[in-house]
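The values are calculated or read from the model by the stated rules, or taken from the named source; none is laboratory data. These figures come from a predicted structure and were not determined experimentally. Here Cβ is always computed from backbone atoms with ideal geometry, including for glycine, and neighbour counts include all displayed protein chains.
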Amino acid sequence: MKKYIFWDLDDTLYDQELPFVNAFKTSFPEIKVSNWDKLYKLFRQKSDEVFPLFPNTQENIENMWLARMQLTLKDMEYFASNTQILSFQEVYNENLKSIHLFTGVEELLKILISKNTFLGIITNGNLKHQTNKMKALQILNYIPEDRIFISSELGISKPDPKIFQVVAGKLDISTSDIIYIGDNYLNDVYAAKKAGCESIWFNHRSHNISDMSIEPDLEISTFDKIDKILEFIKTK
């Protein structure tokens, strides 16, 4: 049976922590951070919490940017003005223009393409911002535009399992035909599995999920182990 391999975008195809850390250092030099990985995970957590609360308009996008950073800084017992936060976001967006695919991803994509594998992307986010990231990654060299599905255009977002059902419906396939690769347990493993997909959890940040009621079909921490990934896909 033919399998359809879909990827998450943020922190799956590229390292999202690096542009975040550089923007934070530039925008909040007075804040001393001892553990950047911990701060980035906090930022991602707050981002995931507030994302569903803001419908897709430019005003709401800016409000979402403000809310996630305000909550992040609140946990650090620090306050920043809206002007400071939007300045951070401007630097962050600029840094995102220089992102690169994770090591091993390009090779894996090329191998899968050589095997005539169907490749696609399912990502949360705004059309303009996600498209800009994919442009920086030159992702259209590997995945056609009509196989890229962005939550703002679908009107539904992860972790709602229905997003996978919507995509499957557009392709006239079953969700059981989909293998989904992503870094976020709730969005990319739990939601995908609830929808009936198989999942590869790219757990490169060593997240420890205390209540893993649904397990991924495969867990990896790097894309260097290409043979392991290909063997998993081959057996499906």
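Let me spell it out: the conditions are (1) surrounded by fewer than 16 Cβ atoms within 10 Å (Cβ to Cβ); (2) modelled with pLDDT under 95, and I229 meets all of them except one. Which number is the exception?
The number of the failed condition is (1).
So which residues in the range 19-66 are of a type in the set (V, I, T), surrounded by 12 or more Cβ atoms within 10 Å (Cβ to Cβ) and closer than 18 Å to L127 by Cα, if there are any at all? Lay out the reasoning, then the answer.
Pass one, the range 19-66, residues of a type in the set (V, I, T): 21, 26, 31, 33, 50, 57, 61.
Those left that are additionally surrounded by 12 or more Cβ atoms within 10 Å (Cβ to Cβ): 21, 26, 31, 33, 50, 61.
Result: V50, I61.
Scan the range 11-29 and give yes if some residue there is of a type outside the set (A, V, I, L, M, F, W, C) and touching a Gly at 6+ places or on another chain (Cβ under 8 Å), otherwise no.
Taking the range 11-29 first, the residues of a type outside the set (A, V, I, L, M, F, W, C) are 11-12, 14-17, 19, 22, 25-27, 29.
With the extra rule that they be touching a Gly at 6+ places or on another chain (Cβ under 8 Å), the set shrinks to 12.
The answer is yes, given that some residue of the range 11-29 is of a type outside the set (A, V, I, L, M, F, W, C) and touching a Gly at 6+ places or on another chain (Cβ under 8 Å).
Which of the residues spanning the range 67-110 are surrounded by fewer than 16 Cβ atoms within 10 Å (Cβ to Cβ), of a type outside the set (G, A, S) and not in a helix (DSSP H, G or I)?
The answer is M76, E77, Y78, F79, H100, T103.
Looking at (1) part of a helix (DSSP H, G or I); (2) touching a strand residue (DSSP E or B) at 6+ places or on another chain (Cβ under 6 Å), which is the one condition that is false for T12?
With (1) part of a helix (DSSP H, G or I); (2) touching a strand residue (DSSP E or B) at 6+ places or on another chain (Cβ under 6 Å) applied to T12, the lone miss is (1).
Between I139, I156, which is among the aliphatic types (A, V, I, L, M), touching a Lys or Arg at 6+ places or on another chain (Cβ under 6 Å) and buried (at least 16 other Cβ atoms within 10 Å of the Cβ)?
I156
Just a yes or no: is a residue in the range 202-222 charged (D, E, K, R), touching a residue at least 12 places away in the same chain (Cβ under 8 Å) and part of a helix (DSSP H, G or I)?
no
Just give me the residues in the range 111-128 being under 18 Å from the mean Cα position of the chain (by Cα), among the small types (G, A, S) and not in a loop (DSSP other than H, G, I, E, B), in sequence order.
Once the filter is applied, which keeps residues that are under 18 Å from the mean Cα position of the chain (by Cα), among the small types (G, A, S) and not in a loop (DSSP other than H, G, I, E, B), the range 111-128 yields only G120.
Among the candidates T103, T117, T26, single out the residue that is out of contact with any strand residue (DSSP E or B) (no Cβ under 7 Å at 6 or more places or on another chain), within 30 Å of Y142 (Cα to Cα), touching a residue at least 60 places away in the same chain (Cβ under 8 Å) and among the hydroxyl-bearing types (S, T, Y).
It is T103.
Only one of L66, L71, L53, L9 is in the same structural domain as N208 (by TED's automatic domain parsing) and either free of Cβ contacts under 8 Å to residues at least 40 places away in the same chain or within 30 Å of K236 (Cα to Cα) (or both); which?
Residue meeting the stated conditions: L9.
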